[in-house]
Amino acid sequence: MATALVIENDPTDDLRRLGEWLTEGGLDLRVLRPHAGDELPADLAGYAALVVLGGEQQAYPLPDGSPGAPWFPALEGLLRKAVRYRVPTLGVCLGGQLLATAHAGLVERSPSGPEVGPGVVGKRDAADADPLFRYVPLIPDVLQWHTDEITELPRGATLLAASTRYPHQAFRLGDRAWGLQFHIECDTAMIADWARDSDLLAELGYDPELVVAACDRVMADVEEVWQPFAIRFAALALGELGDEPTRRSLPLLGQ
């Protein structure tokens, strides 16, 4: 069985449903937790894919110039190698931001303010030719929880999804690496943990119970969109997803 290397940056943001979907797609998963002392490998030899999860850290340097987490320079090195050697890669929220900064993109505190709770993003035309996004609906449901955003994509990146206030919601580098600003891995229990005693929700004046309830209502819709996406990512990693001809058509879920 092919193995995907998963980097968990924060104990509060684990694989959860995304892990179930990738396993369903046929991937074995090796999870490293550098926040708990796990050492990152020097390269991706032996791995069929790389998945980088989210976290509370920031992808850009701290005021003293140090990285947002001690292992981020090594992780950005892995992300560069993944793109260079065409290892299928998926970065979620902070993971997507690190994919951007590893390739000279720019991540900053969002000038539009935090984005929290259920929402939608809009596919861009380029998504029609993307091996994963071409089957995502035009306006898919997502879950948001971030205060930073990618304000400049890396040179050569392909923008795949956007929203009005946050223009860089999903992108691809090369033909095998995807970055998502939003979350697809969460279940309701994870959102409830984030909402408990949340300084961010207090700052926004949001009722935590209402935020959790609103997220819970869209969990089935998020799964309907992103479970097939994850299965296709696994198929790509397994070499089962061939180069399909570019075509323009109505998006078909899970095909």
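Each residue in region 213-244 was checked for being in contact with a Pro (Cβ under 7 Å, 6 or more places away or on another chain), closer than 14 Å to LEU50 by Cα and of a type outside the set (Phe, Trp, Tyr), and 2 pass. As a summary of the residue check, GLU209 satisfies the conditions (1) touching a helix residue (DSSP H, G or I) at 6+ places or on another chain (Cβ under 6 Å); (2) part of a helix (DSSP H, G or I) except for the one numbered (1). Residue count for region 100-152, restricted to those that are of a type in the set (Lys, Arg) and under 18 Å from GLY54 (Cα atoms): 1. Looking across region 202-227, the residues that are open to solvent by 20 Å² or more (accessible area, probe 1.4 Å) and either under 15 Å from the mean Cα position of the chain (by Cα) or among the basic types (Lys, Arg) (or both) come down to ARG217, GLU223, GLN227. Of all residues in region 181-209, those that are polar (S, T, N, Q) have Cβ atoms under 6 Å from Cβ atoms of residues that are in a helix (DSSP H, G or I) and surrounded by fewer than 16 Cβ atoms within 10 Å (Cβ to Cβ), 6 or more apart or on another chain, in THR188/ASP216. In region 167-199, the residue that is surrounded by the fewest Cβ atoms within 10 Å (Cβ to Cβ) out of those that are in contact with a strand residue (DSSP E or B) (Cβ under 8 Å, 6 or more places away or on another chain) and among the polar types (S, T, N, Q) is GLN169. Looking only at residues of region 38-56 that are in contact with a helix residue (DSSP H, G or I) (Cβ under 6 Å, 6 or more places away or on another chain) and surrounded by 20 or more Cβ atoms within 10 Å (Cβ to Cβ), we find that the one that is farthest from ALA195 (Cα to Cα) is ALA48. Within region 57-109, restricting attention to residues that are in contact (Cβ under 8 Å) with a residue 12 or more places away in the chain and of a type in the set (Lys, Arg), the residue that is surrounded by the most Cβ atoms within 10 Å (Cβ to Cβ) is LYS81.
The values are calculated or read from the model by the stated rules, or taken from the named source; none is laboratory data. Keep in mind that this is a model prediction, so the values were computed, not measured. So basically every Cβ, Gly included, is an ideal-geometry build from the backbone, and we count neighbours across all protein chains shown. Heads up: the accessible areas ignore ligands, DNA and RNA and are worked out on the full protein's heavy atoms, side chains in. Shrake-Rupley method; radii C 1.70, N 1.55, O 1.52, S 1.80 Å.
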